[in-house]
Amino acid sequence: MKSVERIGELDDIFTTFDRISFDHGLERIKTIGDAYMAIAGLEGNEDHAQRTVNAAEEMVTYLKTRRLEHPERPDWRVRIGAHSGPVVSGVIGGSRLAFDVWGDTVNVAARMESSSEPGKINISSATRKLLSRKATQSRGRLAAKNKGDLTMFFIRPVDGGMPRPSREADHE
C-alpha cells in the first residue's frame with residue numbers, strides 16, 4: 001500500500017474512533033503511527049471504565065463491519081488494552097502546546113494493549129473491578145514488560161446482548 005493510501009485509511013479509521021470516543025465521553029490524547037490513545041475519567045465521573053470498554057467494543061465492531069462492507073480495503077485489526085488508576089495530566093510545550101497524561105497507569109494500559117490480541121479487549125483487574133455490566137474471561141497472570149506478572153482479562157464478545165458462554169471461569 002502506498003503511503004498516501006495508508007494515511008487515508010488511518011484518517012478514515014481515526015476519524016471514526018474520534019466520533020466513538022466523543023460519543024462515550026473519552027478524550028483522544030494522541031496518535032502515534034497506527035496507535036490511538038484515549039482516556040476517560042479526568043472529569044471525575046465514576047463510570048469511566050464502563051464508558052471506555054463500551055467505546056472499545058464499538059471500535060472493534062466498526063473495524064469488523066468496515067471489513068465486511070469494503071473487502072477490497074486492507075484488513076485492519078485493533079488490539080485494545082485498558083487500565084484504571086491515577087494519572088498526572090497537563091499541557092506541555094512552548095511553541096506547540098500539547099495535552100498529555102503520564103504515570104504508571106498509562107504504562108500499565110500500554111502493557112494491556114501490547115498483551116492483547118487482534119480484535120480483543122484486554123483489561124487489568126483494576127478496570128475489571130469497576131465494570132458492572134461486562135462479562136470477562138480470565139487470562140490469568142501474564143508477564144508484562146517492566147511490570148512483572150499482571151492479572152489480565154478479555155472482555156467477552158456479546159451476541160444479542162447476552163455474553164457468549166465460556167468454559168473458563170472468571171477469577172483474579
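Quick note: the coordinates plus some simple rules give every number you see, no bench work behind them. Everything numeric in this text was worked out from a predicted model, so none of it was measured. Every residue, glycine among them, receives a Cβ derived from its backbone with ideal geometry; neighbour counts consider all protein chains shown.
Things worth noting here:
- From phi via Karplus (6.51, -1.76, 1.60), per-residue ³J(HN,Hα) for the stretch 114-121 in Hz, x at Gly/Pro: 5, 8, 7, 10, x, x, 10, 10
- Under 5 Å from the amide H of ARG79 lie the amide H atoms of GLY119, each residue being 5 or more positions distant or on a separate chain, with H modelled from the backbone and absent for Pro and chain starts.
- About its Cα centre, the dipole of the chain is roughly 480 debye, where the only charges are +1 on Lys and Arg Cβ and -1 on Asp and Glu Cβ.
- Under-5 Å amide H pairs with ARG139, H placed in peptide plane, nonlocal only: MET152, PHE153, PHE154
- Hydrodynamic radius (Kirkwood) for the chain, which is based on Cα pairs only, to one decimal in Å: 17.1
- Sum of side-chain charges, ALA144 neighbourhood, beta-carbon under 11 Å (Lys, Arg +1; Asp, Glu -1): +2
- With R₀ fixed at 22 Å, the C-beta to C-beta distance from LYS147 to THR31 puts the FRET efficiency at about 0.40.
- The slack between GLU117 and ARG96, meaning 0.36 nm per residue of separation minus the straight C-alpha distance, is 4.1 nm.
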